[in-house]
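A short write-up of the structure that comes next.
The values are calculated or read from the model by the stated rules, or taken from the named source; none is laboratory data. Since the structure is predicted, the reported quantities are computational estimates derived from the model, not experimental observations. Because the Cβ atoms are built from the backbone with ideal geometry, glycine has one as well, and the counts that use them run over all protein chains shown. Note: areas computed on protein heavy atoms with side chains; ligands, DNA, RNA excluded. Shrake-Rupley method; radii C 1.70, N 1.55, O 1.52, S 1.80 Å.
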Amino acid sequence: MNEFYQKDIISIKDFSKDQLEKIFESTDKIISLNPIDRREICKGKTLGYLFYEPSTRTRLSFEAAMASIGGNSLGISDITSSSTQKGESLADTVRIISIYSDAMVLRHPLDGSSRFAAEVSDKPVINAGSGTEEHPTQAIQDLYTIKKEKRKIDGLKIGIVGDLKYGRTVYSLLHGLGNYDVDVRLISPESLRIRSDSTYEIKKKLDYTESTNIEDHIDDLDVLYVTRIQKERFPDEEEYLKVKGSYVVGLDLLQQMKDDSIILHPLPRIDEISTDIDKTKNAKYFQQAEYGKYTRAALLGLTLNENGF
Ligand code: NCD
């Protein structure tokens, strides 16, 4: 039996390096299949989704992924138009979605929400962002992008810049990178450093340095992973205004980077990468969004087929 069958995807910490590599191989397979064979993988299966926070790429890439493997999707993308407005609980809403689907994708502002949903759902739950805690499918997509674009992950120097305190993609990526031999440079304003409750666990698996100055590292990096300052998660707008626009990656900075370095971003981008960068060969964030469709198709194919595909 395929080990991912009917498994929840809650945290990247639940995946070993071997398992990540298997998902990458399955993603390669999805890409190589012709569209007709691809549509056999989840023919007749339904993906449910429930988004308590805004999303463009994550929801659409799951829908596009499910369609590409022959399945369909239904769900709630705008919670204000659902019975949550009448006071329906998360537990009941999750139960209902799980009745109508074979697996469900959840995004919710609270840490622990996906774990909770997995307890009440009898169908597999996929965490598409739980508070500031995790976004495991984004990390799988990020790791896959690095592997495809740099041909390896081991041995790379990876800078992660921006909001390291509230950015959940950062935590999932760091735990994912912990499976590899990489040199990580964390770059953020002092007030947005990685949360100290996570550093103990991350330090056990990963070597990293912390700094506030992107210029100290820029010429040495193979990968620059840029993140958005998470305005909506600041308890106080004043604090946000102090750090807004702290880092802007523009052509001047790109000139200092290695010729074959790549720039990633989970998106949405606000102002932290100048649009001048988009047309350069180093900009890989739109490619990264495309890989997200294939990695998610692979995950769904594995979760929903007892014998894999
Ligand atoms: C991220 C998220 O929701 O955490 N978006 C995404 O899924 N690509 C990043 C962000 O909102 O900044």
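Has the stretch 262-272 got at least one residue that is outside the structural domain of GLU63 (by TED's automatic domain parsing) and basic (Lys, Arg)?
yes
Contact map, the stretch 204-218: residues that are outside any helix (DSSP H, G or I) paired with residues that are open to solvent by 70 Å² or more (accessible area, probe 1.4 Å), Cβ distance under 8 Å, separation 6+ or inter-chain. Pairs shown: GLU210/ARG193; THR212/GLU190. Are any of the residues in the stretch 178-198 more than 15 Å from GLU239 (Cβ to Cβ), part of a helix (DSSP H, G or I) and among the polar types (S, T, N, Q)? Within the stretch 178-198 (the criterion being more than 15 Å from GLU239 (Cβ to Cβ), part of a helix (DSSP H, G or I) and among the polar types (S, T, N, Q)), the answer is yes, since at least one residue qualifies.
Which one of these is assigned to a strand (DSSP E or B), more than 13 Å from the chain's Cα centre (by Cα) and either at negative phi or within 16 Å of the ligand (Cβ to nearest atom) (or both): LEU224, LEU164? Write out each step before concluding.
Numbers: LEU164 fails: assigned to a strand (DSSP E or B).
None of the other options fit; the residue is LEU224.
Report whether or not SER55 is within 22 Å of GLN141 (Cβ to Cβ), part of a helix (DSSP H, G or I) and within 16 Å of the ligand (Cβ to nearest atom). Answer is no for this residue. The single condition among (1) assigned to a loop (DSSP other than H, G, I, E, B); (2) open to solvent by less than 70 Å² (accessible area, probe 1.4 Å); (3) of a type in the set (A, V, I, L, M); (4) under 26 Å from ARG168 (Cα atoms) that LEU110 does not meet is (2).
Checked against the criteria, SER26 counts as part of a helix (DSSP H, G or I) and buried (at least 17 other Cβ atoms within 10 Å of the Cβ). Reported count of residues in the stretch 58-103, each being under 22 Å from ALA297 (Cα atoms), without any contact (Cβ under 8 Å) to a residue 40 or more places away in the chain and assigned to a helix (DSSP H, G or I), is 4.
I'd like to verify a number: residues in the stretch 141-187 that are among the acidic types (Asp, Glu) and buried (at least 21 other Cβ atoms within 10 Å of the Cβ), how many?
Step one: of the stretch 141-187, the residues among the acidic types (Asp, Glu) are 142, 149, 154, 163, 181, 183.
Remaining after also requiring buried (at least 21 other Cβ atoms within 10 Å of the Cβ): 142, 163.
Of the residues in that region, 2 qualify.
Hey, can you tell me all the residues within the stretch 242-281 that are surrounded by fewer than 17 Cβ atoms within 10 Å (Cβ to Cβ) and either part of a helix (DSSP H, G or I) or in contact with a strand residue (DSSP E or B) (Cβ under 6 Å, 6 or more places away or on another chain) (or both)? Matches in the stretch 242-281: LYS242, LEU251, ASP252, GLN255, THR275, ASP276. Looking across the stretch 118-127, the residues that are over 13 Å from SER11 (Cβ atoms) and touching a residue at least 40 places away in the same chain (Cβ under 8 Å) come down to LYS123, PRO124.
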